[in-house]
Amino acid sequence: MSCGPETIDVAVPTHESGSVLDETLERLARAERASSVAVSRLIVVDDKSDDDTRAIGRAAADANGWEPVVMSRPSTLPQAREIAIERVETEWFLFLDDDVRLSETYLADAAEAVAPAVGAVQGRKTTSASRNTDWVRRRARRGGTHATLLRREAIEGMLYPDDLLVLEDEYTRRYVEDNGFLWIFNHQARFDHASQERHPIGWQEGYLGGKYGLSQFHTVALNVPFSLAEGRSPIPHAKRALGWVAGRAHRRAASIGENGGSRS
């Protein structure tokens, strides 16, 4: 028997999202109507967009009976997530990226995976064609927050490092697990991603992954030969691998400093 939530808040970080947000919120509304999970509040944290992003959020909330909580302030994606978490009032809430299209059964499928020990339920992109167990094994190398149902208790008090501009999704997963909860990868909850490619692969992602222990070198470096074999440019992946080495060196130097110069 599912312990799934009856009501949820939905948190959407946005930035110049007018071209994608309307469809994202329409798909959310369809998923709500097809499930027993009701959306209570729509929390939009907008990074000072100049387009109609905030108006779209308010209009969707009004049309679907959601309480609108729409804010505009300069913020990175991790900062926007922190702001949203502070305003969540329900036991469970959904982090929803501005360019994600939920399947009609997404909320129902995600809620079915909720159990007392679970702190988060992450869904699967419909474009992923691998076997379910293969997908879970690969996906588990990095958590995702495209459309993830989160238990508020599991992430209360979480603060991202100031320089963590990418990989905040994996940082979130590790925080949830360090709090003693499970992060579930649910292959039945499906979504499409109209990706805006706002954080391209490169040195910065590699550096932060190495600095904060959010990725492993072999999983980063192996993408270089894989991209060559697939006829894609290996340069972004090579830059990411070099960034990881630099970030790891920074992490090692900081650790030695904290231990008073000891290399043990």
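Tell me whether the stretch 99-230 comes out rounded, prolate or oblate; compute the Cα gyration tensor, take square roots of the eigenvalues as a ≥ b ≥ c, and use a/c under 1.5 as the rounded threshold.
Because a/c hits 1.5 or more and a/b fails to exceed b/c, the stretch 99-230 counts as oblate.
Run the paramagnetic zone check for Arg142: 7 angstrom along Cα to Cβ, then residues of the stretch 151-188 with backbone nitrogen under 12 Å.
Counting backbone N atoms under 12 Å from the label point, the list is 166-171.
Shape verdict for the stretch 147-193, please, from the Cα gyration tensor: rounded (a/c under 1.5), prolate (a/b greater than b/c) or oblate.
oblate
Please give the per residue accessible area of the chain, computed with a probe of 1.4 Å over protein heavy atoms only, in Å².
Spelled out: the 1.4 Å probe surface of the chain, per residue, equals 49 Å².
Counting only residues 5 or more places away or on other chains, whose amide H sits under 5 Å from the amide H of Val44 once H atoms are built in the peptide plane?
Val12, Val69, Val70, Met71
For the stretch 1-124, just list the percent of Cα-Cα distances falling in each 5 Å bin from zero outward, please.
Distribution as computed: 2, 12, 23, 25, 20, 12, 5, 1, 0, 0 percent.
For the stretch 223-231, take each phi angle, set θ = phi - 60°, evaluate the Karplus expression 6.51 cos²θ - 1.76 cosθ + 1.60, and give the result in whole Hz per residue in order, putting x for glycine and proline.
5, 5, x, 4, 5, 4, 5, 8, x
Report, in degrees rounded to the nearest 10, the 0 to 90 angle that the Cα long axis of helix 77-87 makes with the longest principal axis of the chain.
Approximately 40 degrees, to the nearest ten.
Using Cα atoms only, what is the angle between the long axis of helix 53-64 and the major principal axis of the chain, expressed in degrees (0 to 90) to the nearest 10?
Between helix and principal axis, roughly 40 degrees.
At a 1.4 Å probe radius, carbon and sulfur cover how many percent of the accessible area of the stretch 136-182?
After summing per-atom areas, the C and S share lands at 44 percent.
Pop out the carbon and sulfur fraction of the accessible area of the stretch 1-133 as a percent, whole number, probe 1.4 Å.
Here carbon and sulfur together make up 46 percent of the probe-accessible area.
Kirkwood hydrodynamic radius, computed over distinct alpha-carbon pairs, for the chain: how many Å, to one decimal?
19.3 Å
Within straight cross-link reach of Lys239, meaning Cα distance under 14 Å, which aspartates and glutamates are found once same-chain residues fewer than 8 apart are removed?
Those aspartates and glutamates meeting the cut-off are Glu205.
Could you order Glu153, Glu32, Glu6 by accessible surface area, starting with the largest, using a probe radius of 1.4 Å?
Glu6, Glu153, Glu32
Once both labels are modelled 7 Å past Cα along the beta-carbon direction, what's the Thr7-Asp62 spacing in nm?
2.2 nm
The values are calculated or read from the model by the stated rules, or taken from the named source; none is laboratory data. This structure is a prediction, so every number in the text was calculated from the model and none was measured. Positions of Cβ are backbone-derived with ideal geometry, glycine not excepted, and every protein chain shown enters the neighbour counts. Only protein heavy atoms, including side chains, enter the accessible area calculation; ligands, DNA and RNA are left aside. Shrake-Rupley method; radii C 1.70, N 1.55, O 1.52, S 1.80 Å.
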